[in-house]
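In what follows, a structure is listed as structure tokens, so that the remarks can point back to it.
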Amino acid sequence: MLIFYRIYRKNEAGEISLIDNVVGQSYLDSGLIPAHAYRYAIAAVHLQENPSESMPSAWLEAIPDIPPFVESITMAGNRELRLIFNQVLPSRFLSPGYYSVSPYLGRPNSANSIAQNRGVQLRFRDEIPVIDSLFTLHLEGIFGHSGVPMQQLDYSFAYIPDLEAPRIIATVISEDRKQLQIHFSEELALSSAQYLGNYTLSCPANDPDNRIVAVSAMGIRSPSA
């Protein structure tokens, strides 16, 4: 009768070690170095047999993924933070509940994907206050696509005003082709966003008379909000 399995691990130097005896059909190894190759083999153990241990299986290679971590934190306007990670994260982490900033700010109102899904832009209800001490960003329950969790959960950053001009990051034409949505990299001032004179439409030769007749702002707060 089968009693248990022995799990063997071989590192990149070729050193073999017995790492555990298991009864179940799965095993989670820990304490590994990310991006280093490990090879595994198992052997079945029957204590009433002679020899009691079977020949080991073929070696199978596995390379642990690098844990997610935040590469940079920058301000975007006066209510938003841009977080850039070292890898693409699952879309489920576009939820404000995974993030909080102290002091004063707490959890953001929204979290949107940026940088081709390698980043998150957090928008807060209140303006980010000017303080002399550092802010702390806390993340909880975040892991990569392969299930490797974040190891560093707290990041400190200073108040550094956003000096980068807003950029157009996407445009969407409506189905009736009469409206154009413009998505910017950060929140805009309401008066500036809705001023018709700030926009110019250059038309092709086959549509020379087309023009912009109205501008409305969506998802933009007024300065008093």
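The values are calculated or read from the model by the stated rules, or taken from the named source; none is laboratory data. Please read all numbers here as calculations on a predicted model, not as lab measurements. All Cβ positions, glycine included, derive from the backbone under ideal geometry; neighbour counts span all protein chains shown.
Out of the residues in segment 11-57 meeting the condition of being of a type in the set (Gly, Ala, Ser), touching a strand residue (DSSP E or B) at 6+ places or on another chain (Cβ under 7 Å) and over 17 Å from SER146 (Cβ atoms), tell me which one is surrounded by the fewest Cβ atoms within 10 Å (Cβ to Cβ). Please lay out each step first, then the result.
Here is the first cut: in segment 11-57, the residues of a type in the set (Gly, Ala, Ser) are 13-14, 17, 24, 26, 30-31, 35, 37, 41, 43-44, 52, 54, 57.
Those still in the list that are touching a strand residue (DSSP E or B) at 6+ places or on another chain (Cβ under 7 Å) too: 17, 37, 41, 43-44, 52, 54, 57.
The next check asks that each one be over 17 Å from SER146 (Cβ atoms); those that pass are 17, 41, 43-44, 52, 54, 57.
On the way: SER17: 9, ALA41: 16, ALA43: 16, ALA44: 16, SER52: 12, SER54: 15, SER57: 13.
Out of the qualifying residues, it is SER17.
Here is a yes/no grid of residues against (1) without any contact (Cβ under 8 Å) to a residue 60 or more places away in the chain; (2) surrounded by 13 or more Cβ atoms within 10 Å (Cβ to Cβ); (3) small (Gly, Ala, Ser):
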{"position": "PRO103", "(1), (2), (3)": "yes, no, no"}
{"position": "ALA111", "(1), (2), (3)": "yes, yes, yes"}
{"position": "GLY119", "(1), (2), (3)": "yes, yes, yes"}
{"position": "ILE131", "(1), (2), (3)": "yes, no, no"}
{"position": "PRO149", "(1), (2), (3)": "no, no, no"}
{"position": "LEU153", "(1), (2), (3)": "yes, yes, no"}
ask   = Of the numbered conditions (1) loosely packed, with under 14 Cβ neighbours inside 10 Å; (2) at pLDDT 95 or above, PHE85 satisfies every one except a single condition; which is it?
value = (1)
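Taking into account only those residues within segment 161-194 that are among the charged types (D, E, K, R), surrounded by 10 or more Cβ atoms within 10 Å (Cβ to Cβ) and touching a Ser or Thr at 6+ places or on another chain (Cβ under 9 Å), which is modelled with the lowest pLDDT? Before you say what the answer is, go through the steps one by one.
So in segment 161-194, the residues among the charged types (D, E, K, R) come out as 162, 164, 167, 175-178, 186-187.
Imposing the further condition that a residue be surrounded by 10 or more Cβ atoms within 10 Å (Cβ to Cβ) reduces the set to 162, 164, 186-187.
Of the ones still in play, those that are also touching a Ser or Thr at 6+ places or on another chain (Cβ under 9 Å) are 162, 164.
Values: ASP162: 81, GLU164: 78.
Only one residue tops the list, namely GLU164.
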task = Would you mind finding the one in GLY219, GLY197 that is within 20 Å of ARG79 (Cα to Cα) and either in a loop (DSSP other than H, G, I, E, B) or at pLDDT below 90 (or both)?
result = GLY219
